[in-house]
Every structure is written in structure tokens, then in C-alpha cells.
Amino acid sequence: MRVHLTDLQPGDRLAEDIFTEQGLHVLSSGTVLQERDLSRLELLRIGYVEIERRSPVYRTEFATGEPEPEAARQLRQRLLPYYEDAVAGCELLFKRAVEEGRILESEAEESFRPLVDNFKAERDVISLLLMLNSQDDYTYQHSVQVGMLSFYLAKWLGWSEEETLLAGKAGFLHDIGKCRIPDTILGKPGKLTDEEFAEVRRHTVYGHEIITASGGDPAVAVAALQHHERSNGSGYPSGLAGDSIHPMARVVAVADVYSAMISSRAYQEKQDLLAVLKELHRLSFKELDPRMTQTFIRHMLPNFIGKKAELASGEVGVVVMNHPTDLFRPLIRIGERYVDTSSDSSCEIKQIIL
């Protein structure tokens, strides 16, 4: 992966030799960088260098502290390379967009398509995303997740294979405009100023410009432009409402909101999974497309079956069956006892434990 000198960290391993502009050999491929090496590179005014891909720390145990099951470990090991390649590919797309004002469609395809081909047969979408998610590279991981979720949602909506793949690409590239937003703003843990918030909002316009300049599909460009528009007209950049928002943008919007809420960031802990779906359900009545959001929820809920659920009482059971109409009150087995949370209002689910 190609990184700027200012992004290098002690422990990074060089993927190629480094030379000065005069051809003087500085460091060899395979060198594990130390602080003194970073100081030396800065003194020599080295710009970009190639390093081996960093290995983020991924979740290897469940919220209960129990070791990761062997089947889950094997699945993670099989899929992790495709996920990491997509994240690294997204990073390269962002850097090309900064340097050249455009991206290469072939690079976007090479980064995202292998992930789709290997993930689409897996049914437990929630576990997959959480299993592979880490706190590193939020923007790039978020883009990969939104791409996958947009792909799934389009599939669940009955879109054609071509449209489904296009929705995945739209999700993958929806935040490409953020490459023009300074990291000091994107990563700011405190409240943004009005000027900073206005600049963040412009990422939708920047994304549309970059994808259009790259000769990308117009629907993908429009999705980048409109994925923060809302059904009630409260979104940006144009305050569009209802069906005036492109269907591709409405799909990406649902995936974008869900991914943001389940992810951990330096300034935000990820929320309980059931609470996230409840919030999506609430948003479906005014901000997000109701049919798309309800479709998303109904296809995500079965992923909870077989998962542990902690009740407000402190009891922990296993989700056995979802209720056909009362979506968020499933049947739970606690030992030999079955609890129908839909018929007992006092049985509130505190969290789903994965």
C-alpha cells in the first residue's frame, strides 16, 4: 500500500527499496521502520513509500468473552483477505481521486468484485461485518460495508443482477468525495464548527464530480450526490424528497445509516444491533425509503436466530423465532423455559450478543 511519509508509523514494513532523487539507496525492502527511520526519511524529504499492508486487529472473541468458535474462525480466515483487499483498494481509490481528481473504473471493479463473489453466498450478514470490522481505517471499511449492504439490499428488493452489482459499486464509492475533506475535520472527535460541517456536507457534491469525471455510471454518481437526501426533504445537498431521490441513492442511504450505527469509532461506540434496527424502523416513517428499509429489516432479523439475547432482567437466552408482525419481540429460550417477549411487555431485550 502506498502511503505518504506523514502517515507512516513505527512498525510499518517497507514493500520496496527507497532511494533519494539522486539514486542514493536509503532503506531496503522488508525493513521494519523505527522512529529513527521516520526521522531520516523526513530529513531526506521522501514523499510516498510502499509498505506492506497493515494487519488490523479484528474481533476474535464474542461480547460474552467466550473464544471465537472454530467455524467462525475458519470463515473469518477465508474471507478476511478479500475484505482487506477491498479496504486497501478503497484507500488507493481515495488517493488517486485526491491526486488526479478521478478514479479508474477497472481499479474499483478489481477492488470490490472479488469481495461480492465470495460474500454473496454467506447468509449471516451481521456476523460477517462485525467479525471483520476493526476501529482502523473507518472511512475505507465503512465504504466496503456500505457496498456489501447495498448489494444485499438491492438483491432482496428483487433487482436484476446487473442492478444489484451496480448498487454494490454505488455503496462502495458513495463517500469517495470525502477524499477532499481534511483529515482534521473528518477525524475530529469534538463538535464541528458550522464551517466544518458545511465542508463535510460538500463530500456528496465532490463525490458526484469525481465519479462523473471518471466516466462512471450516472446512477453511481447520483447515489454519491444524493445518499444524504431524506424522504421528508430534510437531507442535503438539495433537500429532495420522496421519489425525486434516485432509487440507487435510497438503497445506499439505508446501508449507510446502518453501517455507521454498528461501527466503532474513536468517538462513538457501536450500538446494540437490535436497537439499530429499531432506529431504522423509526426512520422509515419519515427519512428513509419505507419499503426499502422494511425489506432490509425483515432480511436482517433472521440473522438473530440462534444468537444470545440479554433481557433487561439480566437473564440470557437464545433467540428461537422472530414474531411475524411484532418485529422486535422474538421468542427466546432460557434454559428449558420459552419466553414470548411479544406477549409480555415486561420482557425487554437489552442487547443481542454475538
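The values are calculated or read from the model by the stated rules, or taken from the named source; none is laboratory data. Fair warning: this is a prediction, and the values are worked out from it, not measured in the lab. Reconstructed Cβ throughout: ideal geometry from the backbone, glycine too, with neighbour counts over all protein chains shown. The area values use the complete protein model at the heavy-atom level, side chains included, leaving out ligands, DNA and RNA. Shrake-Rupley method; radii C 1.70, N 1.55, O 1.52, S 1.80 Å.
Can you tell which of F296, F304, F285 shows the greatest fluctuation in a Gaussian network model of the chain with Cα springs below 10 Å? In this elastic network of the chain, the residue with the biggest mean-square fluctuation among F296, F304, F285 is F285.
Per the Debye formula on identical point scatterers at the alpha carbon atoms of segment 165-225, with no solvent, log10 I(q)/I(0) at q = 0.18, 0.20, 0.30 Å⁻¹ is -0.61, -0.71, -1.14. Counting Lys and Arg as +1 and Asp and Glu as -1 over every other residue whose Cβ lies under 12 Å from the Cβ of N322, the net charge comes to +1.
Ellipsoid semi-axes for the chain, based on the Cα gyration tensor and the rule √(5λ), read 38, 26, 18 Å when sorted largest first. Surface analysis of the chain yields an accessible area of 48 Å² per residue, using protein heavy atoms and a 1.4 Å probe. Which loop trypsin sites (Lys or Arg not before Pro) in segment 156-231, with loop taken from DSSP, have no more than 10 other Cβ atoms within 10 angstrom of their Cβ? Loop-located and lightly packed - K191. Within straight-line reach of K95, meaning a Cα separation under 23 Å, sit the following lysines at least 8 residues removed in sequence or on another chain: K169, K178, K188.
With +1 on the Cβ of every Lys and Arg and -1 on the Cβ of every Asp and Glu, and nothing else charged, how large is the dipole of the chain about its Cα centre, in debye rounded to the nearest 20? Walk me through the intermediate numbers first.
Working: 40 positive and 54 negative charges, 155 e Å.
Taking the Cα centre of the chain as origin, the dipole is about 740 debye.
Accessible surface for V32 stands near 60 Å², nearest 10, in the context of the full protein assembly shown (1.4 Å probe).
Nonpolar atom fraction for the chain, defined as the carbon and sulfur part of the 1.4 Å probe accessible area, stands at 50 percent. Scaled to the globular estimate 2.2 N^0.38 Å, the Cα spread of segment 219-354, given as radius of gyration, is 1.20. Considering only V254, V116, V316, the mean-square fluctuation computed in a Gaussian network model of the chain, springs between alpha carbons under 10 angstrom, is largest for V316.
Restrict the search to segment 252-354; then list the GluC sites (Glu not before Pro) that DSSP places in a loop and that have at most 10 other Cβ atoms within 10 Å of their Cβ. Spell out each step's value before the answer.
Working: sites: E269, E279, E287, E310, E315, E336, E348; in loops: E269, E287, E315, E336, E348.
Sites meeting the loop and neighbour criteria: E269, E336.
Suppose accessible area is computed on protein heavy atoms with a 1.4 Å probe; arrange H174, H281 from highest to lowest.
Correct descending sequence by accessible area is H281, H174.
Proximity of backbone amide H atoms, modeled 1.01 Å from N, is registered between D17 and S29 at under 5 Å, excluding neighbours fewer than 5 places apart on the same chain.
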